[in-house]
Amino acid sequence: MRGERSDASATRAAVEQRARRMRRVIPALFVLGLLAACSGQQSALDPQGPYAQQTATLAWVLFTGGTLIFALVAALAACAIFAPRQWRAALGGKALIVGGGIVFPGVVLTALLVYTFVATGATGRAPSAAPLQIEVIGEMWWWRVHYPGADGMPHLVTANELRIPVGRPVELALKTADVIHSFWLPSLGGKLYMIPGRTNVLRLSADKAGVFRGQCAEFCGAQHARMALYVVAMPPAEFAAWLEAQALAAQEPRTAEHAGGKTLFLAHCAACHTVRGTAAAGTLGPDLTHVGSRVSLAAGILPNNVGTLAGWIASSQHLKPGNRMPSFDAFSGEELVALARYMESLQ
Ligand code: CUA
């Protein structure tokens, strides 16, 4: 009996010790998590362009104001509980109730509202320099990207990746092919809905070259969380060269293996995908004319290389269940590698 009791108290002591350790660890993990969101490829707190900067400044002004007011109210509440009697009597006076309860919030909220209108109005105004126009169409669960070919530029269709020149304002026409999505690019611009039957315009620009991540921000079905994209900001000359290269038809196979891959591609993939310069002209899925040159695969969820291409072809339903591409698991190993190498060669 005594043995059982000492076992139980030892167990209880161990549980309490573990709980104490968790109480110390959890706040540390929470703070680490917060810090992790402060910088990197996808952070509203690390703006990399003027439009994102306006949003970040607005957020900091609201956060700082809110924190100061919270501290003031907490101090007054502490006074009302713990201060000497005559202080508490003063706090209960009509002047503070009218001044602090009606006039102060009225003035502060009006000022913040006006400031918010001015700050967000600046992001909505058309830029002074001619913007680069790009159309982005949300689909379940990827992004179709059109460069419409205005001002002498080639018309291009690509997917899941935007390339933009550093320093030039960009105007994104946001549409959807199916349900409501939301285009969110925290480091460069804001967030805007893609609504069926509408075109919303989001403006952004990048101050320096880099790769930035964006994410669909509205629940749009099972794979909403795997609907990301990358934006590559390039020096203007590099961007012009990229645009010119993207306008070319696909690379012809350079090896026998690539040729075998191309034959398989035309037989199995051409109904849904386009590769310009070949018979493949499907439009259900992403245009793959230059798929090998992209940063990521499957809307930002995989790095782009021969291994991930082969894995995606063979098990896309395992990697992103419910997406519109079936898993092609009947290819032999050699066929899969040939197909993946051909696609990687499409630079
Ligand atoms: Cu598209 Cu969420």
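The values are calculated or read from the model by the stated rules, or taken from the named source; none is laboratory data. Note that the structure is predicted; figures quoted are calculated from it, not measured. Here Cβ is always computed from backbone atoms with ideal geometry, including for glycine, and neighbour counts include all displayed protein chains. SASA here: full protein model, heavy atoms, side chains in, ligands and nucleic acids out. Shrake-Rupley method; radii C 1.70, N 1.55, O 1.52, S 1.80 Å.
Overview of values
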| quantity | calculated |
| --- | --- |
| Index of the failed condition, residue 308 passing every other in (1) open to solvent by less than 60 Å² (accessible area, probe 1.4 Å); (2) hydroxyl-bearing (Ser, Thr, Tyr); (3) assigned to a loop (DSSP other than H, G, I, E, B) | (3) |
| Test: residue 202 is within 16 Å of the ligand (Cβ to nearest atom) and either closer than 18 Å to residue 291 by Cα or surrounded by 13 or more Cβ atoms within 10 Å (Cβ to Cβ) (or both) | yes |
| Filter pass, residue 122 being within 26 Å of residue 245 (Cβ to Cβ), modelled with pLDDT under 95 and not hydroxyl-bearing (Ser, Thr, Tyr) | no |
| Members of the stretch 154-198 found to be within 13 Å of the ligand (Cβ to nearest atom), open to solvent by 20 Å² or more (accessible area, probe 1.4 Å), among the aliphatic types (A, V, I, L, M) and in a strand (DSSP E or B), listed by number | 192 |
| Inter-residue pairs, beta-carbon under 8 Å, first under 19 Å from residue 161 (Cα atoms) and open to solvent by less than 20 Å² (accessible area, probe 1.4 Å) and in the stretch 216-229, second more than 6 Å from the ligand (Cβ to nearest atom) and among the charged types (D, E, K, R), 6+ apart | 223/320; 228/213; 229/161; 229/213 |
| Residue in the stretch 112-119 that is open to solvent by 70 Å² or more (accessible area, probe 1.4 Å), not basic (Lys, Arg) and not in a helix (DSSP H, G or I) present | no |
| The lone exception for residue 276 - which of (1) open to solvent by 60 Å² or more (accessible area, probe 1.4 Å); (2) part of a helix (DSSP H, G or I); (3) under 26 Å from residue 163 (Cβ atoms) it fails | (2) |
| Residues satisfying the stated conditions in the stretch 243-268, i.e. open to solvent by less than 20 Å² (accessible area, probe 1.4 Å) and outside any helix (DSSP H, G or I) | 250 |
